[in-house]
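Peer 1: Quick one: structure below, then a few questions.
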Amino acid sequence: MAETNRDFWKTPAVEILRMRPGQTISELDRNGTPGFIGDKSDGLRLLEERGTDLSVLQEKLYANGRSGDRRSILLILQGMDTAGKGGMVRHVIGQVDPGGVDHASFGVPTPEEKRHHYLWRINKALPRAGQLGVFDRSHYEDVLVVRVHDLVPESVWSGRYDEINRFEKELVRGGMTLIKVAMFVSLDEQRRRLLDRLNRPDKHWKYNPADVTERKLWPAYQAAYQTMLDKTSTDYAPWYVIPSDRKWYSRIAVTELLIDAFEKLDLHWPVANFDIETEKRRLAKS
């Protein structure tokens, strides 16, 4: 008998990875595979199998959106450089129909974006009804990078946690499911991944000399992430903390989080708004 998803997850990803009160990221084993009892080969095989399940669920959401359903799902990916956010988009979101995906990547604000409230560019990129939205970085940059680099006074960024919570609560009330993923890579693994970019001409375009400068701010970033998780992991929009030194694990973990969110929507295929037998006869005569 073939092994199933349940054979590999001794504790479901949605339970084992959810941010717990009092959890400290400094104690997180970033090379670990919480809840998963298989190895890399098991994870890769399961990723392919579960990718098929994810694709069907996403198509149902898209079909329902075309039929008037206003619900959507938004996956938020936050993590230091090399944590694997781009690979998550390619290897997990790449398993579904791109027509049903709204993807946005948030870097340094443009001059136009700087003239607006920090949530302005976020609102513009929110997924449409029936879509799976993906944010590569997000509004959380404004309590992470902004804090670490002292871009605005503490009195400004410290008030954003409550503002973000209110913003996300309104999104959920409007029919959006939020899956917030904090991806944590170790300092040593980040060094290896940056070196790989330097050693491979096909990856030079991904290398940014500023990444080495950012490494010197590692403790400040870890403190900023800890506060972010403590203050913005809510019942309606919890954070999931994912060790990301093993890319295969982080990808299968996010796949499971997405499938869980889709299944909770209890989606069904929309009922035809035309007479099927009549259309068959018309088609036969055409």
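The values are calculated or read from the model by the stated rules, or taken from the named source; none is laboratory data. Since the model is a prediction, treat every value here as computed from it, not as a measurement. Heads up, the Cβs are rebuilt from the backbone with ideal geometry, glycines too, and the neighbour counts pull from every protein chain shown. Side chains included, ligands, DNA and RNA excluded: accessible areas come from the protein's heavy atoms. Shrake-Rupley method; radii C 1.70, N 1.55, O 1.52, S 1.80 Å.
Peer 1: For the stretch 112-124, give me each residue that is buried (at least 17 other Cβ atoms within 10 Å of the Cβ) and either among the aliphatic types (A, V, I, L, M) or over 26 Å from Gln226 (Cβ atoms) (or both).
Peer 2: If the condition is that a residue be buried (at least 17 other Cβ atoms within 10 Å of the Cβ) and either among the aliphatic types (A, V, I, L, M) or over 26 Å from Gln226 (Cβ atoms) (or both), then Ile122 is the only one that fits.
Peer 1: Of a type in the set (A, V, I, L, M, F, W, C) and either part of a helix (DSSP H, G or I) or without any contact (Cβ under 8 Å) to a residue 12 or more places away in the chain (or both): is that true of Val181 in this structure?
Peer 2: The answer is no for Val181.
Peer 1: Go through the stretch 82-108 and report how many residues are closer than 13 Å to Ser138 by Cβ, assigned to a loop (DSSP other than H, G, I, E, B) and at pLDDT 95 or above.
Peer 2: 1
Peer 1: For the stretch 102-111, does any single residue satisfy the condition of being open to solvent by 40 Å² or more (accessible area, probe 1.4 Å), among the polar types (S, T, N, Q) and within 17 Å of the chain's Cα centre (by Cα)?
Peer 2: yes
Peer 1: Here's a follow-up. Please enumerate the residues belonging to the stretch 42-96 that are within 27 Å of Val108 (Cβ to Cβ), touching a helix residue (DSSP H, G or I) at 6+ places or on another chain (Cβ under 6 Å) and either free of Cβ contacts under 8 Å to residues at least 60 places away in the same chain or open to solvent by 40 Å² or more (accessible area, probe 1.4 Å) (or both).
Peer 2: Asp81, His91, listed by residue number.
Peer 1: Quick one: in the stretch 234-286, of everything that is among the hydroxyl-bearing types (Ser, Thr, Tyr) and in a loop (DSSP other than H, G, I, E, B), which residue is modelled with the lowest pLDDT?
Peer 2: Ser286
Peer 1: A follow-up question, please. Being open to solvent by less than 10 Å² (accessible area, probe 1.4 Å), closer than 16 Å to Arg193 by Cα and touching a Leu at 6+ places or on another chain (Cβ under 7 Å) is the filter here, so list the residues in the stretch 234-259 that pass it.
Peer 2: Once the filter is applied, which keeps residues that are open to solvent by less than 10 Å² (accessible area, probe 1.4 Å), closer than 16 Å to Arg193 by Cα and touching a Leu at 6+ places or on another chain (Cβ under 7 Å), the stretch 234-259 yields only Pro243.
Peer 1: State the number of residues belonging to the stretch 191-216 that are in contact with a His (Cβ under 8 Å, 6 or more places away or on another chain) and either open to solvent by less than 50 Å² (accessible area, probe 1.4 Å) or not in a helix (DSSP H, G or I) (or both).
Peer 2: Adding up the residues that qualify gives 1.
Peer 1: Something else now. Filter the stretch 249-286 for residues that are of a type in the set (Asp, Glu) and touching a strand residue (DSSP E or B) at 6+ places or on another chain (Cβ under 9 Å); which is farthest from Leu61 (Cα to Cα)?
Peer 2: Per the stated criteria, the residue is Glu256.
Peer 1: Kindly indicate whether Arg45 is out of contact with any Phe, Trp or Tyr (no Cβ under 9 Å at 6 or more places or on another chain) and within 14 Å of Tyr240 (Cα to Cα).
Peer 2: Criteria not met by Arg45.
Peer 1: Those residues that are farther than 26 Å from Asp69 by Cα and in a helix (DSSP H, G or I), I need them from the stretch 111-138; list them, please.
Peer 2: Those that are farther than 26 Å from Asp69 by Cα and in a helix (DSSP H, G or I): Pro111, Glu112, Glu113, Lys114.
Peer 1: For the stretch 141-168, give me each residue that is within 30 Å of Lys60 (Cα to Cα) and buried (at least 17 other Cβ atoms within 10 Å of the Cβ).
Peer 2: Ile164, Glu168
Peer 1: Now, a different point. Give the stretch 169-190 a look and list any residue that's closer than 21 Å to Asp260 by Cα and surrounded by 19 or more Cβ atoms within 10 Å (Cβ to Cβ), or say none.
Peer 2: Hits for the stretch 169-190 are Leu171, Met176, Thr177, Leu178, Ile179, Lys180, Val181, Ala182, Met183.
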